[in-house]
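Here's the structure, in structure tokens; my notes come after.
The values are calculated or read from the model by the stated rules, or taken from the named source; none is laboratory data. Keep in mind that what you see is a predicted model, and the values were worked out from it rather than measured. Cβ coordinates were reconstructed from backbone atoms using ideal geometry, including for glycine residues, and neighbour counts include every protein chain displayed. Ligands, DNA and RNA are stripped out before the accessible areas are found, and what is left, the full protein with its side chains, is counted by its heavy atoms. Shrake-Rupley method; radii C 1.70, N 1.55, O 1.52, S 1.80 Å.
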Amino acid sequence: NDVKNDLQKAMNNQEAEVLRLLSRRPDTDGQAEVLEHTHKEQKLGKFEPNVGKPQWQIYLKEDGSVFNNVPFSTFLPTLRFPCEQAGKEATSYEYLPIDDCSASGLNLATSTCEKMRMHGLGVLLASAHEVREIFSEWDEDGLPTFAKGDHEKAYRQWLIHEDDYNLVVTLVWNDKVGPHGGFEVYAHRALPFGALSSVTICTTISQGICLILRRRFSP
């Protein structure tokens, strides 16, 4: 009940949050990159509306009123902002687009009913020792090899149910929207970076895969 109440409070704050976001022009650093990245993701089908459909927008008109053609009666408006990447050589883009799901109220209305046990360095070293013991007769050919695999775009690979699109509405600043700049608006079709639930869901899936592999290959 507490989670539902928190979500309802966030939904009731929609108009005030939109006005707050419109009153604060985002910093220019990384904003163009975030807009470009959003357009690329839209072409990949990560957002509603699809390419070719009328663009959703929110901006202040000349008379001070708000233009808003987002097709949801109520939604959570979430600002998408740039987060500069420290190790630029290790990523495909300089700025990572992050959705501020804390400010929108989405994270406050999220809870988990199960605890997840994550394995750390100790388990990794123990596994390497076990491999070395099992293949010790192979000499150097039996030594364990460490490798790192990256799930490309991680959260962005997992779909959101269309009934929940109004909870993951993201606003991306564009100087060309409205008379003095405004927001292009999208609804995520895939889990966004910045949402607490994205971490839980993605990790649950990855741990499920690890469990299958352990059951399949464990002696």
Report task. Scan the stretch 38-50 and report the pairs whose first residue is closer than 9 Å to residue 188 by Cα and in contact (Cβ under 8 Å) with a residue 60 or more places away in the chain and whose second residue is open to solvent by less than 40 Å² (accessible area, probe 1.4 Å) and part of a helix (DSSP H, G or I), with Cβ atoms within less than 7 Å and a gap of 6+ or a chain change. Result -> 46/156; 47/41; 48/165
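Taking the conditions exactly as written (assigned to a helix (DSSP H, G or I) and out of contact with any Gly (no Cβ under 9 Å at 6 or more places or on another chain)), does residue 19 satisfy them or not?
Answer is yes for this residue.
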Report summary line: Those residues of the stretch 141-172 that are open to solvent by 20 Å² or more (accessible area, probe 1.4 Å), of a type outside the set (Val, Ile, Thr) and at pLDDT 80 or above come to a total of 9
Query raised in the report: Within the stretch 175-196, which residues are small (Gly, Ala, Ser) and either over 19 Å from residue 105 (Cα atoms) or surrounded by fewer than 21 Cβ atoms within 10 Å (Cβ to Cβ) (or both)?
Result: 178, 181, 182, 190
Requested in this report: Consider only pairs whose beta carbons are under 8 Å apart and that are at least six residues apart or on different chains; among these, list those whose first residue lies in the stretch 139-158 and is more than 14 Å from residue 129 (Cα to Cα) and whose second residue is modelled with pLDDT of 75 or more and open to solvent by 100 Å² or more (accessible area, probe 1.4 Å).
Outcome: none
Requested in this report: Could you please find all residues in the stretch 14-54 being open to solvent by 60 Å² or more (accessible area, probe 1.4 Å), closer than 20 Å to residue 71 by Cβ and polar (S, T, N, Q)?
Outcome: none
**Report entry** Condition check for residue 64: at positive phi and open to solvent by 30 Å² or more (accessible area, probe 1.4 Å)
**Finding:** yes
